[in-house]
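The structure under discussion appears below in the form of C-alpha cells.
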Amino acid sequence: MHLTGQSAQSFAEQWIAAWNSHSLPAIMDLYAQEIHFFSPYIIKLGMNNDGMISDRGELEKYFAKALMVYPDLHFELHEVLAGAGSVILYYGSVNNRMAAEMMEFDDSGKINLVKAHYDR
C-alpha cells in the first residue's frame, strides 16, 4: 500500500486517535493478522527478551499491558513522513519521550511491520 502525504496524515490521525481512546479493539483493528512488531518496550514490559512480536495474540497482550502500565497514555503527533510503502510517525509518547515508528502495510492497508524507536 502506497500512502501519499494526505493519506499518510489521515492514517496517522486515525492511529493516534485509536491509541488515545485506549480502545484495544480500535487499536488492534489497525494491525494485520501477519505482523512483525519491534520495540524496546516489548523487553521493558517483560513480554520477551527479543524485543519482537510476530503473533497477533501476543501483540494484543502487549498492547493491553501497555495500556494498563500507562493508564494516562496520550500520544501527540508531531510529524508524518510518507515513504514508498511505509510511513514514519514521530510523536510524543509515554514518560515525555519522543517516538518514531516506521510502519509498513499489507495489501488491505493493515499494519504488518513496525519498528519503534525512542529517544533517551
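Descriptive notes on the structure:
- Taking every residue in the range 37-60 that is among the charged types (D, E, K, R) and pairing it with any residue that is open to solvent by less than 50 Å² (accessible area, probe 1.4 Å), at least 6 positions away or on another chain, the pairs with Cβ-Cβ distances below 6 Å are R56/I35; E60/M28.
- Subset of the range 10-28 that is in contact (Cβ under 8 Å) with a residue 60 or more places away in the chain and more than 11 Å from the chain's Cα centre (by Cα) - its residue that is least open to solvent (accessible area, probe 1.4 Å): F11
- Enumerated strands (runs of 3 or more DSSP E) restricted to the range 1-96, each holding at least 2 residues that are farther than 20 Å from Y118 by Cβ: 31-38
- Any chance N112 is without any contact (Cβ under 8 Å) to a residue 12 or more places away in the chain, surrounded by 12 or more Cβ atoms within 10 Å (Cβ to Cβ) and polar (S, T, N, Q): no
- Only residues that are more than 21 Å from A26 (Cα to Cα) and part of a strand (DSSP E or B) were counted in the range 97-120, giving 3.
The values are calculated or read from the model by the stated rules, or taken from the named source; none is laboratory data. It should be emphasised that the depicted structure is a prediction, and the values quoted were computed from it without experimental measurement. Glycine gets a Cβ as well: all are built from the backbone with ideal geometry, and neighbour counts include every protein chain shown. For the accessible areas, the whole protein counts, side chains as well, though only heavy atoms, and no ligand, DNA or RNA atoms are used. Shrake-Rupley method; radii C 1.70, N 1.55, O 1.52, S 1.80 Å.
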